[in-house]
Structure formats: structure tokens, C-alpha cells
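Right, one structure below, let's go through it.
The values are calculated or read from the model by the stated rules, or taken from the named source; none is laboratory data. Predicted, not measured: the structure shown is a model, and the values here were computed from it. With ideal geometry, Cβ positions are generated from the backbone for all residues, glycine too; neighbour counts draw on all protein chains shown. These accessible areas exclude ligands, DNA and RNA; they are computed on the full protein's heavy atoms, side chains included. Shrake-Rupley method; radii C 1.70, N 1.55, O 1.52, S 1.80 Å.
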Amino acid sequence: MESLCCGALQSAPKVSPQCTVHIAEGYTFGDSPTFTRHLGIVYGSAVEAGELLRLAAEAGVIEENVMKPLLQRTQEAEHILLALLKRCRKVKS
């Protein structure tokens, strides 16, 4: 699981500094339900970041050509975080 966590840590800063903080805080609890809960929070933050990007583009705050690569990175981080979250939940069951 450590290598998956490292991948999430590398991708999360691309989404939001908040994601990195929650992963780091959760990681201090080791392989526990608290760590899994923190991953859920991080995944929610990544989804939020993607929605905010879409809203900003719709409102004309950022140009679509700027938003697209950011949104792509956000979606990649979401996929990594969701896979890690599912794996943690599966192991606990």
C-alpha cells in the first residue's frame, strides 16, 4: 500500500494543497480506518477542485485552453485517489 500512497501524494498537490495535507495527516495513523477516512476527504476535495475549474471556465474566469490541462490532471488524481480508497476499503472488509 505504501507505493500507492506515494503515487497519491505525488498527484494530490496537482489538485489542491488541501489534498496533500489530508493525505499526510491520514498517513500518520497508519493502516487504519482514520487513514481511509482521510482518503475519502481527499477524493472529495479533488472532485470539488474539478467542479470549480468547470464553473470558472463556464463563467469566463479562466480560458478553456487553460482549464483543459488542469482538469485533466485533476481527473487523473481523482482516478488514483479513488483506486487507493477502494483498495483500502476492500482490505478492511
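Under the condition of being touching a Phe, Trp or Tyr at 6+ places or on another chain (Cβ under 8 Å) and open to solvent by 30 Å² or more (accessible area, probe 1.4 Å), the residues counted in segment 67-93 number 2. Taken across segment 58-66, residues that are in contact (Cβ under 8 Å) with a residue 12 or more places away in the chain and open to solvent by less than 90 Å² (accessible area, probe 1.4 Å) do not occur at all.
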